[in-house]
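Enquirer: Structure incoming, see below.
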Amino acid sequence: MITRTLSAVVVAAAALASSASLSFAQQVGDAGFAAQLNEANATVQNNAPAGLGREERLIVQRYLSVADSLHRQGQTTQAQAYLNFARGELGLRSAPDSAVASSSQMVAR
């Protein structure tokens, strides 16, 4: 479990550190982002999935905190990437179907 999570963290960090990042053709609005963030925070605090250990929960909480900070700074693409990772670890959908583009594009930082 820890190996899988740490591998996912390494992959996510490498993707974020690269010169390009994934972007949705249609960005989730501020209200949508806040709703996703609130749902993820509530899931961590109230009923984290049974397979989620202490270390994984701490990693998810860190990613949610970073997502919130980036969103407040206006870096919505990076914030959504961190939020998507955390939501994926919690077993939640990353974005509403209406917000996901039929094809994503690479955008340079």
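Enquirer: Please determine, by comparing only the residues of region 66-80 that are among the small types (G, A, S) and exposed (fewer than 14 other Cβ atoms within 10 Å of the Cβ), which one is nearest to Q45 (Cα to Cα).
Expert: Across region 66-80, the extreme among qualifying residues is S69.
Enquirer: Tell me yes or no: at least one residue of region 53-73 is at pLDDT 85 or above, more than 25 Å from I2 (Cα to Cα) and in contact with a helix residue (DSSP H, G or I) (Cβ under 6 Å, 6 or more places away or on another chain).
Expert: Looking through region 53-73, at least one residue is at pLDDT 85 or above, more than 25 Å from I2 (Cα to Cα) and in contact with a helix residue (DSSP H, G or I) (Cβ under 6 Å, 6 or more places away or on another chain).
The values are calculated or read from the model by the stated rules, or taken from the named source; none is laboratory data. For clarity, every value in this text was computed on a predicted model and none was experimentally measured. Reconstructed Cβ throughout: ideal geometry from the backbone, glycine too, with neighbour counts over all protein chains shown.
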